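*Asks:* Once you've had a glance at the structure underneath, I'll fire off some questions.
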Amino acid sequence: MRSITLVLAAIVVGLLLCACHGHKPMSNRVIVQNDDFTLTGDSVIEDTVIAYCPTPNRIESNVTLARLDSLYRDVDTARLRFVAGRPWRMHSKRPETMPEYESGQALIDALYKMSVDRISEAVDKTGRFSPSQNNYSRLYCSIFLSLAALKPHQSMATLRTIVDKDSIIMQREGQWPVVSDHIGWATAAWEVYKATGDRKWLAYSYRVIEKTLNINRQVLLDNQTGLIHGAGYTSARPLGVRRMTWMGYNDLFGCMSLGNNILTGNAYAILSEMGDELGIENSYQDDALSIKDAINQHLWNEDKSFYSSFLYGLAYLRQSPLTDNTSQAMCVLWGIADVGRAEHLIAHTPISNRGVNVSYPAANRLEPYFSNASWATTQALWNLAAAYVGNENALRRGLGALYRAQALYQSRDIHLHGVGTDQLGTSASNVAMILRVMLGMNYTAEGIEFAPVVPECFAGKKTLKGLNYRKAVLDITVTGTGNDVETITVDGKALESPFIPNDIEGHHHVAIHLKQSGHASQQVTLHPSDGFLPLTPTVVWTGDSGHIQDFVPGVPYRLSVNGQLTALNDSVFALPQSEDFTEFSVEIAGKYGNGFMSKPLIRFGLTPQIVFFPDSPDGSATVTVNVASGGDYLLDIGYRPTGTLDVRRVSANTHPMGTLVMAQGNMLDANGLAYSNMVHMKLLKGKNTIEFSQIRLPKSFTPCTPVDIRIIKQ
């Protein structure tokens, strides 16, 4: 019976497609139609695969795991395999009510029901989101996107569990300060306040964010660039770093990721707004602007017209060849990119028919849904950014990609073996498309702003019933298409502007009618099928030469000398002579940009000055060094690892210079010493006083044994 139903559905959709393939304008019943799939309001069809809604409370699809295995058999030789969970069916007895959405587009309505159903399932008996959902970085985005609106008190309770009760600072996932994504807590906490107006929560959040930022400023701030050190929020390592196996924790700390800096800048902006709400004078908006300027100065790539995902390297920091599209969307939404740059990003960043990749160039040809577990969050933020700049073409494509993947895959919990799906994040992302795009809701401290963006293919009446907002319950209806609010009424009474104040109480009906207005750029850029990142070479450095161990004849290798590139034609090559401080590395030139560099080699122009690290029971130490000339120097510490992480702040002549990280797992030299990351120093001619102070980490922390201090003239 089921197979007959699927065949009939395929025939119906096939007839619809035939009607749309002529020279007539595309039917508004079709949301997206491209070379890969077609999405209508009630079905998705892709080759012989279909997903549709036989009833409003379930989604059927005939996608098979064998088909997916065969499609991607050559992507990864390491036993790439797909698995599936239970098909989604709406629970008949749900102990709570959630806002109901209806648009007349059966598939989209069912996907919304599936999402709110799974959000309800994610709350445990304590009233918090269950621990299995608590990947911090994804949780913060999910709360921002829609959980604060749907589940504000559960969001609040969950966020409280991520704060250290003794120090009242945010707990850190992974090895802080190497991994420093915890500051995303601020974005989620602010969204919860805007949804609830809870003043106690506001005061608590202000204290947590302020204490955490103050510590981060001392430890993570890079004095040269004004950026924040540490790996980003998208994973335990910045995007693409897995391809640079030479990087240890010390090198990871040296990275400065786009995502982490955006979240930090946004946290300062939030702290400023919270201070205003509490009547506390502050200058945190200046800190937010400082990080914004540093991002635009150091992470914007003018040649490629995108924000680089991170800076990396040893002595000379360089931009990653990747863009991070999750963070690029945030750059648009939170004003890091100015209006012109924001429109340019949405129009020119390469995307595929099946969605925006988490990073570009992509690592392989896996579609975005399977290439990173946070894909739905990336796509949702990208859609919000497209709506923000008024690019309805990009928005239409993005919505189609999100709905296609959810109908075909999330409805059956299809995922890669060993890579669990983020059901809460995916569900929150889907709900955000209704709340933030179709209804255009933006919570502020003063109330709710409405700025819906409804592409023509979504024509029809859209209604959300039973949304709790502070002391009110709202039913919201949107009619028309476009991005300009022609009229807005509350209980039939016209408003002068599309805004509802935060003191509204009781049950009300909000009616919005849209009209088309002037459009911004509607351009989108599809990335080519061969737009992949080149591999990262493995190089062994010996004296004045290098050997590419995984050399492939015909591949365009390049030798980098302080960033200047020359071609290499053999696996073994001599290094050019230089009496100055020089950094060498090798990278592969790709059709759409070079890959990551190999492990660099540093050749000192002058012999480094070595100073023994004095014994100190509390980790603090002071040394005096004499240098022949003032100027720029590098400093690192040779140490014997203890199996844990050791972190020291360093200053020169009372001026803070940076943070030294001494981790396990770094390569040892002939004396059995590993070396910390390098800190840039400004030293005076003659005597200089250098001070080290230990940063207290968790109780399990065991200090390593610093042996010597190496001072290198650049």
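The values are calculated or read from the model by the stated rules, or taken from the named source; none is laboratory data. Being a predicted model, the structure only gives us computed values, none of them experimental. Cβ: placed from backbone, ideal geometry, glycine included. Neighbour counts: every protein chain shown.
*Asks:* Using beta carbons and a limit of 7 Å, which pairs, at least six apart or on different chains, have the first residue in the stretch 103-114 and assigned to a helix (DSSP H, G or I) and the second one among the charged types (D, E, K, R)?
*Replies:* The qualifying pairs are 106/42; 107/42; 109/102.
*Asks:* Search the stretch 117-137 for residues being hydroxyl-bearing (Ser, Thr, Tyr), part of a helix (DSSP H, G or I) and at pLDDT below 90, and hand back the single one that is farthest from residue 188 (Cα to Cα). Can you show your working first?
*Replies:* First pass over the stretch 117-137, keeping only residues hydroxyl-bearing (Ser, Thr, Tyr): 120, 126, 130, 132, 136-137.
Within this subset, residues satisfying the condition of being part of a helix (DSSP H, G or I) are 120, 132, 136-137.
Right, trim to at pLDDT below 90 and you get 132, 136-137.
On the way: 132: 18, 136: 11, 137: 10 Å.
Ranking the candidates gives 132 first.
*Asks:* Just need a number here: residues in the stretch 301-338 that are in contact (Cβ under 8 Å) with a residue 24 or more places away in the chain and over 24 Å from residue 191 (Cβ atoms).
*Replies:* Residues that pass the stated criteria total 18.
*Asks:* It is to be established whether one or more residues within the stretch 202-220 are modelled with pLDDT of 90 or more, in a loop (DSSP other than H, G, I, E, B) and out of contact with any His (no Cβ under 8 Å at 6 or more places or on another chain).
*Replies:* Looking for residues that are modelled with pLDDT of 90 or more, in a loop (DSSP other than H, G, I, E, B) and out of contact with any His (no Cβ under 8 Å at 6 or more places or on another chain), one finds none in the stretch 202-220, hence no.
*Asks:* Let me ask something else. Of all residues in the stretch 259-305, how many are in contact with a strand residue (DSSP E or B) (Cβ under 9 Å, 6 or more places away or on another chain) and charged (D, E, K, R)?
*Replies:* Residues flagged as in contact with a strand residue (DSSP E or B) (Cβ under 9 Å, 6 or more places away or on another chain) and charged (D, E, K, R) within the stretch 259-305 amount to 1.
*Asks:* Let me ask something else. Just to be sure, is residue 618 touching a strand residue (DSSP E or B) at 6+ places or on another chain (Cβ under 9 Å), touching a residue at least 12 places away in the same chain (Cβ under 8 Å), assigned to a loop (DSSP other than H, G, I, E, B) and of a type in the set (Asp, Glu)? Explain how you work it out, then say what you get.
*Replies:* Values: touching a strand residue (DSSP E or B) at 6+ places or on another chain (Cβ under 9 Å): yes; touching a residue at least 12 places away in the same chain (Cβ under 8 Å): yes; assigned to a loop (DSSP other than H, G, I, E, B): yes; of a type in the set (Asp, Glu): yes.
Taking the combined requirement at face value, the residue satisfies it.
*Asks:* Do the conditions hold for residue 293, that is, is it within 20 Å of residue 177 (Cα to Cα) and assigned to a helix (DSSP H, G or I)?
*Replies:* The answer is no for residue 293.
*Asks:* Any idea which of 283, 290 is closer than 17 Å to residue 226 by Cβ and free of Cβ contacts under 8 Å to residues at least 12 places away in the same chain?
*Replies:* Working: 290 fails: free of Cβ contacts under 8 Å to residues at least 12 places away in the same chain.
The unique qualifying residue is 283.
*Asks:* Scan the stretch 498-544 residue by residue and report those that are surrounded by 16 or more Cβ atoms within 10 Å (Cβ to Cβ), more than 21 Å from residue 320 (Cα to Cα) and aliphatic (A, V, I, L, M).
*Replies:* If the condition is that a residue be surrounded by 16 or more Cβ atoms within 10 Å (Cβ to Cβ), more than 21 Å from residue 320 (Cα to Cα) and aliphatic (A, V, I, L, M), then 500, 504, 510, 511, 512, 514, 520, 524 are the ones that fit.
*Asks:* Checking residue 595 against (1) part of a loop (DSSP other than H, G, I, E, B); (2) farther than 16 Å from residue 244 by Cα, which test does it fail?
*Replies:* Residue 595 satisfies every listed condition except (2).
*Asks:* Right, here's the next one. Taking only pairs six or more apart or across chains, which ones have beta-carbon atoms under 7 Å, a first residue in the stretch 143-166 that is surrounded by fewer than 19 Cβ atoms within 10 Å (Cβ to Cβ), and a second residue that is not in a helix (DSSP H, G or I)?
*Replies:* That search, which allows pairs on different chains as well, returns 157/127; 157/128; 161/128; 164/171.
*Asks:* If you go through the stretch 642-659 one residue at a time, how many are surrounded by 16 or more Cβ atoms within 10 Å (Cβ to Cβ) and on the phi < 0 side of the Ramachandran plot? Break it down stepwise before answering.
*Replies:* Of the residues in the stretch 642-659, the ones surrounded by 16 or more Cβ atoms within 10 Å (Cβ to Cβ) are 644-652, 657-659.
Right, trim to on the phi < 0 side of the Ramachandran plot and you get 644-652, 657, 659.
Counting residues in the stretch 642-659 that are surrounded by 16 or more Cβ atoms within 10 Å (Cβ to Cβ) and on the phi < 0 side of the Ramachandran plot gives 11.
*Asks:* On to the next question. Condition first: β-branched (Val, Ile, Thr), out of contact with any Lys or Arg (no Cβ under 8 Å at 6 or more places or on another chain) and in a strand (DSSP E or B). Now tell me which residues in the stretch 621-646 satisfy that.
*Replies:* Of the residues in the stretch 621-646, the ones β-branched (Val, Ile, Thr) are 622-625, 627, 637, 642, 644.
With the extra rule that they be out of contact with any Lys or Arg (no Cβ under 8 Å at 6 or more places or on another chain), the set shrinks to 622-623, 642, 644.
Answer for the stretch 621-646, where residues must be β-branched (Val, Ile, Thr), out of contact with any Lys or Arg (no Cβ under 8 Å at 6 or more places or on another chain) and in a strand (DSSP E or B): 622, 623.
*Asks:* Now for a separate question. Of everything in the stretch 248-290, what is part of a loop (DSSP other than H, G, I, E, B) and buried (at least 22 other Cβ atoms within 10 Å of the Cβ)? Give them in sequence order.
*Replies:* 255
*Asks:* Here's something else I'd like to know. Does residue 613 satisfy the criteria of being out of contact with any Ser or Thr (no Cβ under 6 Å at 6 or more places or on another chain) and surrounded by 17 or more Cβ atoms within 10 Å (Cβ to Cβ)? Reasoning before the result, please.
*Replies:* On the way: out of contact with any Ser or Thr (no Cβ under 6 Å at 6 or more places or on another chain): yes; surrounded by 17 or more Cβ atoms within 10 Å (Cβ to Cβ): yes.
It is true that residue 613 is out of contact with any Ser or Thr (no Cβ under 6 Å at 6 or more places or on another chain) and surrounded by 17 or more Cβ atoms within 10 Å (Cβ to Cβ).
*Asks:* Please work out if residue 442 is more than 30 Å from residue 87 (Cα to Cα), under 23 Å from the mean Cα position of the chain (by Cα) and at pLDDT 95 or above. Don't jump to the end; show me each part of the working.
*Replies:* Numbers: more than 30 Å from residue 87 (Cα to Cα): yes; under 23 Å from the mean Cα position of the chain (by Cα): yes; at pLDDT 95 or above: yes.
Yes.
*Asks:* Now a separate question. Quick check on my filter: what residues within the stretch 430-487 are in a helix (DSSP H, G or I) and over 25 Å from residue 151 (Cα atoms)?
*Replies:* First pass over the stretch 430-487, keeping only residues in a helix (DSSP H, G or I): 430-438, 456-458.
The answer is 456, 457, 458.
*Asks:* Next question, about the same structure. Residues in the stretch 681-692: is at least one modelled with pLDDT under 90, in contact with a strand residue (DSSP E or B) (Cβ under 9 Å, 6 or more places away or on another chain) and crowded, with 19+ Cβ neighbours inside 10 Å? Lay out the reasoning, then the answer.
*Replies:* Within the stretch 681-692, the subset modelled with pLDDT under 90 is none.
No, the stretch 681-692 contains no residue that is modelled with pLDDT under 90, in contact with a strand residue (DSSP E or B) (Cβ under 9 Å, 6 or more places away or on another chain) and crowded, with 19+ Cβ neighbours inside 10 Å.
*Asks:* Name the residue that is nearest to residue 354 (Cα to Cα), counting only residues in the stretch 27-52 that are touching a strand residue (DSSP E or B) at 6+ places or on another chain (Cβ under 9 Å) and of a type in the set (D, E, K, R).
*Replies:* 36
*Asks:* Check 670, 663 and return the single one that is surrounded by fewer than 12 Cβ atoms within 10 Å (Cβ to Cβ), under 25 Å from residue 313 (Cβ atoms), outside the structural domain of residue 581 (by TED's automatic domain parsing) and small (Gly, Ala, Ser).
*Replies:* Values: 663 fails: surrounded by fewer than 12 Cβ atoms within 10 Å (Cβ to Cβ).
Criteria check complete, one pass: 670.
*Asks:* Just checking, how many residues over the stretch 342-353 are buried (at least 23 other Cβ atoms within 10 Å of the Cβ) and in a loop (DSSP other than H, G, I, E, B)?
*Replies:* Matching residues across the stretch 342-353 total 1.
*Asks:* Just checking, which of 582, 566 is within 30 Å of residue 534 (Cβ to Cβ), surrounded by fewer than 18 Cβ atoms within 10 Å (Cβ to Cβ) and free of Cβ contacts under 8 Å to residues at least 24 places away in the same chain?
*Replies:* Working: 582 fails: surrounded by fewer than 18 Cβ atoms within 10 Å (Cβ to Cβ).
So the residue among 582, 566 that is within 30 Å of residue 534 (Cβ to Cβ), surrounded by fewer than 18 Cβ atoms within 10 Å (Cβ to Cβ) and free of Cβ contacts under 8 Å to residues at least 24 places away in the same chain is 566.
*Asks:* Looking only at the stretch 632-641, decide whether some residue is on the phi < 0 side of the Ramachandran plot, basic (Lys, Arg) and touching a residue at least 40 places away in the same chain (Cβ under 8 Å).
*Replies:* Yes: the stretch 632-641 contains one or more residues that are on the phi < 0 side of the Ramachandran plot, basic (Lys, Arg) and touching a residue at least 40 places away in the same chain (Cβ under 8 Å).
*Asks:* Residues being closer than 25 Å to residue 360 by Cα and more than 32 Å from the chain's Cα centre (by Cα): count how many of those fall in the stretch 534-554.
*Replies:* Qualifying residue count for the region: 3.
*Asks:* Do we find that residue 465 is closer than 30 Å to residue 431 by Cβ, without any contact (Cβ under 8 Å) to a residue 60 or more places away in the chain, more than 30 Å from the chain's Cα centre (by Cα) and outside the structural domain of residue 669 (by TED's automatic domain parsing) in this structure?
*Replies:* On the way: closer than 30 Å to residue 431 by Cβ: yes; without any contact (Cβ under 8 Å) to a residue 60 or more places away in the chain: no; more than 30 Å from the chain's Cα centre (by Cα): yes; outside the structural domain of residue 669 (by TED's automatic domain parsing): yes.
So residue 465 fails the test.
*Asks:* Taking the stretch 390-422 as the region of interest, how many residues are surrounded by 21 or more Cβ atoms within 10 Å (Cβ to Cβ) and in a helix (DSSP H, G or I)?
*Replies:* Summing the residues that are surrounded by 21 or more Cβ atoms within 10 Å (Cβ to Cβ) and in a helix (DSSP H, G or I) in the stretch 390-422 gives 18.
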